[in-house]
Amino acid sequence: MSTQMRGRERAAWQTIDSGQLLLIAIAGLFALVAVTQVAAAGLVQPEVAIIFGVLIALGELFRMVMPGNREVAPIAGAAGIGYALLVGIGPEGAAPDAPLGVVPAGHSPLQVVAVTAVGMLIGSLPHVAVGRPARLDAMSRRLFTVATVALCFRPLLELRLDWQVLLAMMGVVVVLSCFCDVLIAALIRAEAVRARFGIVMRDEISAKLALCAATSATAMLIAVATTVMGPAALLVFTAPILVTQFAFRRYAGIRATYLQTVRALSRVTEVGGYVETGHSRRVSGLSVSMGRELGMSEGELLELEYAALMHDIGQLSLGDPIPGGATVLASPPEQRRIAELGAEVIKETGVLDRVAAIVQQSSHPYRTGNAPAGRRRLRRLGPAAGQPDHQGGQRLRRPGRRLLRPRPRRRRTGTPPPGLRRRVRPGGRRGPQPSRRPPPPRLRTRAPV
C-alpha cells in the first residue's frame, strides 16, 4: 500500500514541469523574504497598504480562465502594479516643500511584494475551500510581474524627478513588466506543450496584448489618481478594469460554448453507431499533437481540433454505416461525398466556415498541389490522424512526432551489420553486399534397374 501511495505522489509531482517548479520556488522564496522583512520593520503607511491588499484579494477572488487555459486576474494585477507605481497618497497633510505637493509614499519594494503576496493568498482561499486548486505558476508569474515593477520604479523616487519624467518612466517600466510576463508565460507553455518557442511566443503576445494593455493603463491611472486625490480614487478608477474583465469573461464564455457545442455535435455519429465510441476525441488528440509538431499557431490548432471532432459528421447521410466507421475503406468518390456533406452541415452554423473548408478537403490526397501551403498542411492531418484509430486504436505516446518523423537513413560504417559481408563490386567500389550461402549439396540417387 505504501509503495502504491508513493508512486501516486511521484506521478502527481511529475505533472509540474521543471520551469514551473523553478518559478514557484523563486516566487515563494522572494515572498518569504519580503514578508519577513516587513514583519521585522513594520508596515509603512498601513492604511494605504491595507486598502491595496483588499483590492488585490478581491481581484484574486474574481480571477478567470481565458482561452488556452490561461488564468488571469486583471484587477489584482492592476492593483499590485498601481501600488508599486504609487508616488504619493494625496495632498492632505503634505509639507510645503514636499515633492509634487503631496505626501510621498514611503513604502519599499519588499513591502509591495509582501502586500501583493498576502492579498493573493487571501483571495485564493475561497477557491481552495470550494475545491478549485490554486494555479501556483500563474500566481507566481503575477507576483513576479509586480516585483519587477517595484524593484525598477521605487528606487527612482529617491532621485526627485519631475512628474513628466516619472510618468515616462512609469510607461517604460510597465512595458518591461508586460514583456517579462509574456516571456515567462511563453517559456513555461513551450515546455508544457512541447511546442516551438517562437510559435508559443507569438501566441502569447496575441492572447495577452489587449488584456496587458488594459491592466497596465489602469495601474498607471490608479497610481496617478491616488497620488493626486488620495486613496478614495481607487473606488472610481477601478471601474475601467471591471468593465474590461466583464468583456473578456464573456469572450471566454463564448469560446467555451463553441467547444462544448462542437463536442456535443461530434457525439451524434457515436450515438448513432456510425463510429466507435471515443473515435472523434482520439482523432482530435492525434491531430492537435501532429499540428503542434508542424509548428501551427494556436488559432490554427483550434480550427484543426474543431474539424477533427466533426470530420465524420457526413456519415449521417449513409443508409448503411461503414464497418467500424473507417472511411478509409470507402471508395474515393464516397469519401469526397461524406466530406462535402459534413462541410455543408458545419456551414449551417454560420461561424465555422474555415472549419468546414478543412473538413471538405480532408478526403483529398495531401500531395495534389491544388490548395495553398497552409491549407495543405491542415489537410494533411485528416487521414494521417484518423488511420491509427481505424487500424485497431493504436495508442502513441507522442503521436505527432512518431507519425511525422522521416525514416532515418542507414549510415555506412567500417563494420558491416550482421548478415552482410564486404566484397569488391564490378566498378571497383567496396560496399556492403548481401552474403550468399553455398547451395545445398545434391543427393545422388541410383537409377532404378
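Miscellaneous remarks
- Among the helices (runs of 4 or more DSSP H) confined to region 171-272, the ones with at least 3 residues that are in contact (Cβ under 8 Å) with a residue 12 or more places away in the chain are located at 197-229, 239-266.
- Flag for A94 being surrounded by fewer than 24 Cβ atoms within 10 Å (Cβ to Cβ) and aliphatic (A, V, I, L, M): yes
- Of the residues making up region 248-271, those that are loosely packed, with under 13 Cβ neighbours inside 10 Å and of a type in the set (G, A, S) are G253, A256, A264.
- Filter result (within 18 Å of L100 (Cβ to Cβ), open to solvent by 60 Å² or more (accessible area, probe 1.4 Å) and not aliphatic (A, V, I, L, M)) within region 154-198: P155, E158, R160, D162, W163, Q164
- Within region 326-361, restricting attention to residues that are more than 19 Å from E300 (Cα to Cα), among the small types (G, A, S) and surrounded by fewer than 21 Cβ atoms within 10 Å (Cβ to Cβ), the residue that is modelled with the lowest pLDDT is A326.
- Checking each residue in region 272-283 for being touching a Leu at 6+ places or on another chain (Cβ under 9 Å) and open to solvent by 50 Å² or more (accessible area, probe 1.4 Å) picks out only R281.
Results for (1) closer than 29 Å to I199 by Cβ; (2) of a type outside the set (S, T, N, Q), shown as yes or no for each residue.
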{"position": "G272", "(1), (2)": "no, yes"}
{"position": "R282", "(1), (2)": "yes, yes"}
{"position": "G295", "(1), (2)": "yes, yes"}
{"position": "Y306", "(1), (2)": "yes, yes"}
{"position": "Q360", "(1), (2)": "yes, no"}
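- Selected residue (only one of E305, E298 is among the acidic types (D, E), under 30 Å from G80 (Cα atoms) and surrounded by 18 or more Cβ atoms within 10 Å (Cβ to Cβ)): E298
- Flag if A252 is among the aliphatic types (A, V, I, L, M) and touching a strand residue (DSSP E or B) at 6+ places or on another chain (Cβ under 9 Å): yes
- Candidates V48, V44, V54 - the one that is touching a residue at least 24 places away in the same chain (Cβ under 8 Å), over 18 Å from F144 (Cβ atoms) and not in a helix (DSSP H, G or I): V44
- Test: residue in region 125-134 that is of a type in the set (D, E, K, R) and more than 30 Å from S18 (Cβ to Cβ): no
- Flag if L86 is of a type outside the set (D, E), surrounded by fewer than 15 Cβ atoms within 10 Å (Cβ to Cβ) and over 15 Å from G28 (Cα atoms): no
- So F237, is it touching a strand residue (DSSP E or B) at 6+ places or on another chain (Cβ under 8 Å) and modelled with pLDDT under 80: no
- Beta carbons closer than 7 Å, at least 6 apart along the sequence or on distinct chains, pair a first residue in region 286-302 that is of a type in the set (K, R) with a second that is not in a loop (DSSP other than H, G, I, E, B) for R292/V193; R292/L301; R292/G400.
The values are calculated or read from the model by the stated rules, or taken from the named source; none is laboratory data. The structure presented is a predicted model; accordingly, all values stated were derived computationally and were not measured. Counting neighbours? That spans all protein chains shown, and the Cβs are built from the backbone with ideal geometry, glycine included. Each accessible area value is taken on the protein alone, full model and side chains, heavy atoms only, with ligands, DNA and RNA left out. Shrake-Rupley method; radii C 1.70, N 1.55, O 1.52, S 1.80 Å.
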